[in-house]
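Report on one structure; see the data block that follows.
The values are calculated or read from the model by the stated rules, or taken from the named source; none is laboratory data. Note that the structure is predicted; figures quoted are calculated from it, not measured. We place every Cβ from the backbone using ideal geometry, glycine too, and count neighbours over all the protein chains shown. When the accessible area is computed, the model is the full protein with side chains, heavy atoms only, and any ligands, DNA or RNA have been set aside. Shrake-Rupley method; radii C 1.70, N 1.55, O 1.52, S 1.80 Å.
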Amino acid sequence: MADGPRVLHLITDPRGRGAQQLARDLHTELLRRGAPSTLRSLQPHADAPSDHDAPVLGPSRHHPATLRALRAAARQADVVVAHGSSTLQACAVGLLGTGVPFVYVNIGDPRHWTASLSRRLRVGAFLHRAAAVSAISDGARTVLLERFRLPARKVRTIPNGRAADRYRPAADQAEREAARAQLGLPRQGPVVAWIGALAPEKRLDLALDALDRLPDVHLAVAGDGPLSGSFPPCDRVHLLGRLADPGVLYLAADVLLLSSDSEGVPGVLIEAALAGLPAVATDVGWVGDVVLDGRTGALVRPGDPVALAEALGGVLSGDRTALGAAARAHALERFDLAVVTDSWQRLLRQVAPGR
């Protein structure tokens, strides 16, 4: 007999961004455990790989054909897990009358993406339609409860997670140098990794400003997005594009830099921590759940390149081995996918009992 209810994971599109990655990891782990799970996308995206693993339901997020396909797919499931803000509206509207419950996964900071009153009211109405809402942090749970007046029983804290066996520290200096050679990075000297979408809120400009204040440091940028091609060339900035496997960059780098204006609990911070890499990050959203200031890296106020450069310099000149070891221990305890999936299976059985 299958272990648990039949789960349909729904993502906005087949790219490999934060919400999509969590959905894929949960889907894969549920299948590994013998639980029935499928993965679908609402709409296509030009930047998605042609061999992606998330069949597309329709031409756009809320197209009638997309919603009809969602209803048909949901009837083959016991519960739908909606990953990302676009999937919230699709499930709230498209699943009406089907009797299939859905769980919404909130991975960002709702204070950022529901700034206007009209959007707050609309999102609140959709959230009340969900059978449960997953918050990635206790802080995020408090915001959801207060901002949208959700019943306390409906909102569950389940952290973001990554598979620990996919990310590990470099075994030795030779492996680190081999990873640098693979990526075309300098063999010697400090290398800072920056991984994310090239979008305004991620503030790569802030990272570049901080880099200008650290003359001997190289910055390896992995990602793509709307700002691709917008940054001037620099011999200490290495634009790697989107990496199919960021693990090689964690092996090559000395520290991870996150310079965003808005985040939830970023998966890249968890991945880097599992790889034994300390992080310097802006103190936004619930980044502090992963980066413990002074213990696993450093936190700085957002929008301040001087503070960012000072923190980077301090981590690079400090005991990175100790910081990285503490980061890995913390990530294994809280964010290992095995632990996170245990919590997800308990929630899914409660939402769809007897199905």
For segment 212-250, name all the residues that are open to solvent by less than 30 Å² (accessible area, probe 1.4 Å) and not small (Gly, Ala, Ser). Leu214, Val217, Leu219, Val221, Val237, Pro246, Val248, Leu249, Tyr250
Scan of segment 1-21 for residues that are open to solvent by less than 50 Å² (accessible area, probe 1.4 Å) and over 17 Å from the mean Cα position of the chain (by Cα), ordered by number: Gly4, Pro5, Val7, Leu8
Flag if Ala331 is in contact with a Leu (Cβ under 7 Å, 6 or more places away or on another chain) and part of a helix (DSSP H, G or I): yes
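Test of understanding: among Leu332, Leu312, Leu347, which residue is under 27 Å from Leu22 (Cβ atoms) and open to solvent by less than 50 Å² (accessible area, probe 1.4 Å)?
On inspection, the qualifying residue turns out to be Leu347.
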Residues that are under 23 Å from Pro110 (Cβ atoms) and outside any strand (DSSP E or B): does segment 222-239 have at least one? yes
Out of Arg176, Arg180, sole residue that is in contact (Cβ under 8 Å) with a residue 40 or more places away in the chain, open to solvent by less than 30 Å² (accessible area, probe 1.4 Å), of a type outside the set (S, T, N, Q) and outside any loop (DSSP other than H, G, I, E, B): Arg180
Quickly run through segment 146-172 and pick out the residues that are within 22 Å of Leu243 (Cα to Cα), open to solvent by 70 Å² or more (accessible area, probe 1.4 Å) and of a type outside the set (Asp, Glu). Arg166, Arg168, Ala171
Counting only residues that are aliphatic (A, V, I, L, M) and at pLDDT below 95, how many does segment 241-266 have? 3
Within the group Val221, Val217, which residue is farther than 30 Å from Ser134 by Cα and under 18 Å from the mean Cα position of the chain (by Cα)? Val221
If I go through segment 22-49 residue by residue, how many of them are within 25 Å of Gly196 (Cβ to Cβ) and either open to solvent by less than 40 Å² (accessible area, probe 1.4 Å) or part of a loop (DSSP other than H, G, I, E, B) (or both)? 17
